[in-house]
Amino acid sequence: MTIESRLEGELYTRESIELPPIIKDRFPRIQSVYQPQTIDDISKVYDYAQKKKWAIIPRGAATSGMGCLIPLKKALMLDLTRLNRILDLDEKQKTVTVEAGLRWWEIKNFLKGHSFDIYTCPTSLFSTVGGWLSTGGYGINSFKYGHISRLVDAMEIVTPSKSTWVERKSREFKYFVGAEGQMGIISKVKLRVREATTPTPYLVLFDRASKALRFISELMASSEPLPVHISYFDRNRLGHKNLLLEGKASFPDMDAVLVVYEGASSEKVLLGLVAKNEGFLAEDYLTAFLWNERFFPFSVKHFYSSLLGSETILPLKNLSRYMMKTRKFAENYGLSLSTEATFINKDEAVVFSIFPSDSRRFIHFIHLFLTYSLSHIAGQCGGRPYGIGTWNLPLLHKAFSPKDLKELRQFKEESDPLNLINPSKSFSNGHYLKHLLKMAQTTSSLFSNGHPFLKPFLRFFAPRLHSGKPQEWESCASCGACVAVCPAYLIETTESVTAKGKLFLYQKMQKGASLPESLARKIFLCLHCHLCEYVCQSKLKLLPLWERFEILSEKKVGRPEERIKEFISKVESHPDYVRLLDAFGVSLNHNQRKIQDV
Amino acid sequence: MYKRYHIDTLPLKLSSTQVGKFVLIRSDKCLNCGRCITQCIYEAHRRAPDDPRKMTEPLSYLCKNCFACIQNCPQQALEMVKNEEFESLGNTYWTPQIIHTIWNEAEEGKIPVYGAGYRGPFKGSGFDNIWTDMSEIVRPTRDGIHGREYIATAVDLGRKLAWISDFKNIHFPNYWEIPIPMLFDTNPLGLELKNIQMAILEAAHTLGTFAFLDVKNYTPEVEPYLQSTALRFSLDEASRMDSAPWKGARLIEILLPDEFSPLELEGILLKMKSQSQSSIFSLGLNKPEISEEIFRLIRDGQVDILNFHSDLEGKGRDSLFIKDAVRRLHLDLVARRIRDEITIMGKGGIAAAEHVPKLIICGADAGVLDLSLLVAIGCRVCKDCHPERCPAKIPDIERDPARQRIINLTCAWRDQLLEILSAMGIRDVRRLRGEVGRAMFYEEIEKESFGFIFEKSGMTK
């Protein structure tokens, strides 16, 4: 696929955190987007990029917010989401082999038909297997099952020179995990799976954070069957979730711990610990709601045009110190900071702190800057960044030891001597940006304890910040869920026809950009199925917007009746369309998704 | 050249009859995915013509409630509820099902299909307590035009000779053969609607049968159809009427009032008969009793047809149902050994295809359709009929579609008659007359089975 306009290129580099244009426009552009469907396609792209002297930015579902997709050089983008076949399910060995562009949601659906389930998955269910392996790796159930790499038996890597299967036992394996696509492109993954089980969540409420944290430590120390998943929510996080409940119910103003068991649980021990720490169990519906919310970390985006924050891996013992510091920090700058911690083992947690901002105002700029201060606080508490991307480049030394980094850089040179894939990021030579970011980061650290000037300024603006609900296009969290379910995407295979793309284009139009005619015509290629509304984590009402958008486009290019008819017949006869529909309800025939031969 | 009787049908929809048994409701959950389109073979689900990306509201009247769309909707966005409008059609005799069936027959001219078959009940009032014997498993109208052999549905109206007494001087009485044992009534509800009368008359003319027309509604417009017109007089009108139009009519009926002078009737009949030699004469009765005077008129050849008149629900005087009345008349004439010489007909309450053969089994030669003709053109048998606010706009209906729908209905009913005859192994509908052995009557079976128990205790009627 080639991109039809600059706008489309911009759309493909969009991530969950949107930058002010003043920053974004400084970066080089994506020249074109390729969607390989076979391994050969990837090799061809390598050759092409080499010839053109362009860089290659590999991409999954674009759900990371770390700036992984920022090209620091003229580049072409490799959108791997169409490399999405399921190749094999070995029910005896309990493994499934999939192409790396497959979304977790689709694996889950497929396995459900065979009474299997994945061990662990990211909170962004619509991200890809390869993407998660490359950028993160901790998520739901990571407490018991650990990092995703422990559950990958082998993966196929395509580097500019070759394509090989890398076993977990091999020395090279670790180089590709969390490498953010700098070492090579993960094309196939052999994952371990398990028999499906039913999780039992318990939500325990505490009047003080210290009690909640003590409860967690004691729970981990108990020798009983351990839970599969433990998360901690501070009261602000629950307060944000209350917005979503629309007054039908609400979480009390307390801190909470979500404990999830699978199969054997020891309720008695759990309840004993709850009583000991003066906690109590929340109502079932609140528990169920919060457990369901695990897949919607950005759901409050419905109410705010921007959510900023940091994601770090913190030692459990420092968590209470971190909480105290951040609370003070938020108070200083009038931020409504909320924190959620997901435990990945007995000692560490992935801590996710976010605060709402307003992308329409200048203050957004200062807030962006403050996210560095937040990372700085985490660093002070012994935290390391969860993912590097572009924005965390200054924190590289916290994520890797110098020895590791040296080893990794060496390997990068071996496997990608021309520095084609995702260049100028953590494992290759610097870009001037790194120094700028470093400067910003160093300056921001000065602000972490409350700046005498900035403090009153931001506090003054805080109450005025969130005037009115943001528009739909501002609330899009760019999570890509709509892309995965869009019937129009099946046919057109460009994100411009999906909700994510259309919201982006609409926003651009509001800001005065003119839509090229070919794109304006594509706006009509929509079944009005509102599957995008179904999966939208910001719970946006999208259909009225599509109607408006169509009216605008109709004025510009007219209504492409013939194209619409052709589109509908194509959709209805598309083999994947049935599977898509079945994922949402009663299916004609279970296990529609057949294992495909390649 | 031999010409096989054939009725030309033409599918003809009316917007007023688009009332389904059930209403399909498409909820907001609908994804416009189009799976219901692929599931529905009746095309109840369609994409909107102006914007094919969206679905239209389901066309519920096309739905045959097979539930395929509901079961296969990926969103469970479809539901089916009873249609209030359908439930409120008609009355206890002209049930919603009966009206709906006639609508379908009149629209398509085909035998209706009831999905999962007839599920009972196997007894009921009126025609529903007759079971016909249909042991031969043949479907002539489906498997071949008339199966292996031609089945005749023609009947004769009028008088026949019982024997020939003088071969040198044979005087043949008048009789008319009509190709179907069904006659029409042009004025079923007394609405006096010109257009409807003409449509029914034209349909009768096309089909080769008769339509009864009250003489007061006779206009020059009727003249071209006079040979298909059965003129109906009250006794009063008949005594006053001296000249045309009745002289050219082939069939003349005189409605008998409750009280009349037999002598006067005889005088009128004699006068009319002498002026119109080719006409056959019918007496309209509202009770199945043949007095001595009337019997004499029959015996002497003044009356050729006895037509039992009942109301729209088949009730004659003393609430006697048409089938029982006709059966009584028939047996009476059999007992008087004159049955074969004249014709018996019945009018009223004929609401379904099977009522025609059932009436014939009870002893009639033919039946007169009345309200079913109006239903064919959309009538809903409202409890109070107000032509000015008719939901089906019957007064405004055009003549051509009305005629065609009546023809369609007749064809569907004749086809069903053929099916019944062939299932009985009968090749001529005339052979079915009075063949009670071809049917079972519920009361009789009940009496046979349980009578000996209840008669003693006096619990039977």
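The values are calculated or read from the model by the stated rules, or taken from the named source; none is laboratory data. Just so we're clear, the structure is a prediction, and the values are computed from it rather than from any experiment. Cβ placement follows ideal geometry from the backbone for every residue including glycine, while neighbour counts extend to all protein chains displayed.
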Which condition number in (1) surrounded by 19 or more Cβ atoms within 10 Å (Cβ to Cβ); (2) out of contact with any Cys (no Cβ under 8 Å at 6 or more places or on another chain); (3) more than 13 Å from chain A (Cβ to nearest Cβ) is the one that B:Thr9 fails? (2)
When only residues in the range B:37-55 that are closer than 30 Å to B:Ile98 by Cβ and surrounded by 15 or more Cβ atoms within 10 Å (Cβ to Cβ) count, which is farthest from the other protein chains (Cβ to nearest Cβ)? B:Ala44
Suppose we filter A:Lys188, A:Lys241, A:Lys211 for residues that are outside any loop (DSSP other than H, G, I, E, B) and over 28 Å from A:His147 (Cβ atoms); which single one remains? A:Lys211
Hey, A:Ile70 over 15 Å from A:Leu420 (Cβ atoms) and either surrounded by fewer than 22 Cβ atoms within 10 Å (Cβ to Cβ) or free of Cβ contacts under 8 Å to residues at least 12 places away in the same chain (or both) or not: no
Select, from A:Leu78, A:Leu72, A:Leu125, the only residue that is touching a strand residue (DSSP E or B) at 6+ places or on another chain (Cβ under 7 Å) and either in a helix (DSSP H, G or I) or not small (Gly, Ala, Ser) (or both). A:Leu78
Does the range A:463-481 include one or more residues that are in contact with a Phe, Trp or Tyr (Cβ under 9 Å, 6 or more places away or on another chain), within 14 Å of another protein chain (Cβ to nearest Cβ) and buried (at least 23 other Cβ atoms within 10 Å of the Cβ)? no
Within the range B:422-437, the count of residues that are in contact with a helix residue (DSSP H, G or I) (Cβ under 8 Å, 6 or more places away or on another chain), part of a helix (DSSP H, G or I) and at pLDDT 90 or above comes to 3
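Looking only at the range A:545-566, which residues are of a type outside the set (Val, Ile, Thr) and more than 13 Å from chain B (Cβ to nearest Cβ)?
Matches in the range A:545-566: A:Leu545, A:Arg548, A:Phe549, A:Leu552, A:Ser553, A:Lys555, A:Lys556, A:Gly558.
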Please indicate, with yes or no, whether at least one residue in the range A:507-516 is within 12 Å of chain B (Cβ to nearest Cβ), on the phi < 0 side of the Ramachandran plot, touching a Phe, Trp or Tyr at 6+ places or on another chain (Cβ under 8 Å) and not hydroxyl-bearing (Ser, Thr, Tyr). no
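Any residue in the range B:21-31 that is within 14 Å of chain A (Cβ to nearest Cβ) and not in a loop (DSSP other than H, G, I, E, B)?
Yes, the range B:21-31 contains at least one residue that is within 14 Å of chain A (Cβ to nearest Cβ) and not in a loop (DSSP other than H, G, I, E, B).
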Search result, residues across the range A:158-169 that are within 21 Å of A:Val193 (Cα to Cα) and either surrounded by fewer than 15 Cβ atoms within 10 Å (Cβ to Cβ) or touching a Lys or Arg at 6+ places or on another chain (Cβ under 9 Å) (or both): A:Trp165, A:Glu167, A:Arg168, A:Lys169
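Given the criteria among the aliphatic types (A, V, I, L, M), farther than 28 Å from A:Phe343 by Cα and surrounded by 23 or more Cβ atoms within 10 Å (Cβ to Cβ), does A:Met77 qualify?
So A:Met77 passes the test.
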Does any residue of the range A:191-210 turn out to be more than 30 Å from A:Ser43 (Cα to Cα) and free of Cβ contacts under 8 Å to residues at least 60 places away in the same chain? yes
From the list A:Leu531, A:Leu525, A:Leu503, which one is within 10 Å of another protein chain (Cβ to nearest Cβ), at negative phi and within 21 Å of the chain's Cα centre (by Cα)? A:Leu531
When the residues of the range A:6-27 are filtered to those that are of a type in the set (Asp, Glu) and assigned to a helix (DSSP H, G or I), which remaining residue is farthest from A:Lys502 (Cα to Cα)? A:Glu10
Wholly within the range A:526-587, which helices (runs of 4 or more DSSP H) include no fewer than the required count, namely at least 1 residues that are at pLDDT 90 or above, of a type outside the set (Phe, Trp, Tyr) and surrounded by fewer than 16 Cβ atoms within 10 Å (Cβ to Cβ)? A:543-557, A:561-573
On the given criteria, is A:Ala484 in contact (Cβ under 8 Å) with a residue 12 or more places away in the chain and touching a strand residue (DSSP E or B) at 6+ places or on another chain (Cβ under 7 Å)? yes
Can you name the number of the only condition in (1) at the interface with another protein chain (Cβ under 9 Å from one of its Cβ atoms); (2) surrounded by 15 or more Cβ atoms within 10 Å (Cβ to Cβ); (3) not in a loop (DSSP other than H, G, I, E, B) that B:Gln71 fails? (2)
Go through (1) under 18 Å from A:Arg237 (Cα atoms); (2) surrounded by fewer than 20 Cβ atoms within 10 Å (Cβ to Cβ) one by one and return the number of the condition A:Val351 breaks. (2)
Residue count for the range A:30-52, restricted to those that are among the polar types (S, T, N, Q) and in a strand (DSSP E or B): 2
Scan of the range A:142-152 for residues that are in contact with a Ser or Thr (Cβ under 7 Å, 6 or more places away or on another chain) and surrounded by fewer than 17 Cβ atoms within 10 Å (Cβ to Cβ), ordered by number: none
In the range B:201-232, which residue that is among the β-branched types (Val, Ile, Thr) and surrounded by fewer than 21 Cβ atoms within 10 Å (Cβ to Cβ) is farthest from B:Ile305 (Cα to Cα)? B:Thr219
